[in-house]
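Colleague: Quick one: the structure is below, questions incoming.
The values are calculated or read from the model by the stated rules, or taken from the named source; none is laboratory data. Because the structure is a prediction, the values reported are computed rather than measured. Glycine gets a Cβ as well: all are built from the backbone with ideal geometry, and neighbour counts include every protein chain shown. For accessibility, only protein heavy atoms count, side chains too; no ligands or nucleic acids. Shrake-Rupley method; radii C 1.70, N 1.55, O 1.52, S 1.80 Å.
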Amino acid sequence: QVQLVESGGGLVQAGGSLTLACAASAVISRPYTMGWYRQVPGKQRELVESLTSDGVSNYVDSVKSRCTIYRDNFPVPVFLQMDRLEPEDTAVYYCNYKKLAIESWGQGAQVTGTS
């Protein structure tokens, strides 16, 4: 099973930018969907943005035009570029991988937007 490790989280002033990276333990073959989710205490984990191996993306409306998911090659196959960060973006961000019935999650990276 592919293991995922996020990096790039941290403290960012409102209006700033940050890029999260997701490293994989093995090469990921098509078809797949990779995505970024986030979770705050007491709330359900929610999708931020996902991207299929065919290039189809899906995102939550609250990050529209502020977040961009993009792919690269092994060992870091997916990134999330976050711009114009808001305090409401504060959460633990998780990398996710899905391939047919297989699913993996990273351990999460804390992103904190300060006002």
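Colleague: Given a cut-off of under 8 Å on Cα pairs at least six residues apart, what relative contact order in percent is computed for the chain?
Modeller: Working: 286 pairs, mean separation 42.8, N = 115.
Once divided by the residue count of the chain, the mean separation gives 37 percent.
Colleague: Still on this structure: Would you please give the FRET efficiency between Arg66 and Ser29, computed as 1/(1 + (r/R0)^6) with r the Cβ-Cβ distance and R0 = 35 Å, to the nearest 0.05?
Modeller: Values: r = 31 Å, r/R0 = 0.88.
Once rounded, the FRET efficiency stands at 0.70.
Colleague: Related question: Which percent of the accessible area of the chain is formed by carbon and sulfur heavy atoms (probe 1.4 angstrom)? Walk me through the numbers on the way to the answer.
Modeller: Values: 3140 of 6190 Å².
Here carbon and sulfur together make up 51 percent of the probe-accessible area.
Colleague: Okay, moving on. Give a quick list of trypsin sites (Lys or Arg not before Pro) in the range 67-115 that DSSP marks as loop, anything other than H, G, I, E or B, with at most 14 other Cβ atoms within 10 Å.
Modeller: On the way: sites: Arg71, Arg84, Lys98, Lys99; in loops: Arg84.
Within the range 67-115, the qualifying trypsin sites (Lys or Arg not before Pro) (loop, at most 14 other Cβ atoms within 10 Å) are Arg84.
Colleague: Okay, moving on. Determine, for each peptide in 39-48, 103-112, 10-19, 86-95, the mean count of other beta carbons within 10 angstrom over its residues, then list the peptides with the highest first. Working shown, then result.
Modeller: Values: 39-48: 12.0, 103-112: 16.4, 10-19: 13.6, 86-95: 18.8.
Packing order, densest peptide first, comes out as 86-95, 103-112, 10-19, 39-48.
Colleague: Right, another one. Considering only protein heavy atoms, what per residue accessible area in square angstrom results for the chain with a 1.4 angstrom probe? Let's see the in-between values first.
Modeller: On the way: 6190 Å² over 115 residues.
That works out to 54 Å² per residue.
Colleague: If you stretched the chain out fully between Ser7 and Asp54, how much longer would it get, using 0.36 nm times the residue separation minus the C-alpha to C-alpha distance? Numbers along the way, then the final one.
Modeller: Numbers: separation 47, 0.36 × 47 = 16.92 nm, distance 2.47 nm.
Extending this stretch completely gives an extra 14.4 nm.
Colleague: Now for a different question. If I measure Cβ to Cβ between cysteines in the chain, which ones have no partner under 4.7 Å?
Modeller: For the chain, the answer is Cys67, because their Cβ atoms have no other cysteine Cβ under 4.7 Å.
Colleague: What number comes out for the charge environment of Val111, summing +1 per Lys or Arg and -1 per Asp or Glu over other residues with Cβ under 13 Å away? List each step's numbers first, then the result.
Modeller: On the way: positive: Arg38, Arg66; negative: Glu6, Asp83, Glu86, Glu88, Asp89.
Net charge in that neighbourhood comes out at -3.
Colleague: When Rg is the radius of gyration of the Cα atoms in the range 43-115 and Rh is its Kirkwood radius, what does Rg/Rh come to?
Modeller: Values: Rg = 12.8 Å, Rh = 13.4 Å.
With Rh from the inverse mean 1/r over Cα pairs, Rg/Rh is 0.95.
Colleague: Still on this structure, please answer the following. Considering the chain as a Gaussian network with a 10 Å cut-off on Cα pairs, which listed residue, Asn58, Asn73, Asn96, attains the greatest mean-square fluctuation?
Modeller: Asn73
Colleague: Under a cut-off of 19 Å between alpha-carbon atoms, report the aspartates and glutamates in cross-link reach of Lys64, not counting same-chain residues fewer than 8 places apart.
Modeller: Result set, ordered by chain and number: Glu46, Glu49, Asp83, Glu86, Glu88, Asp89.
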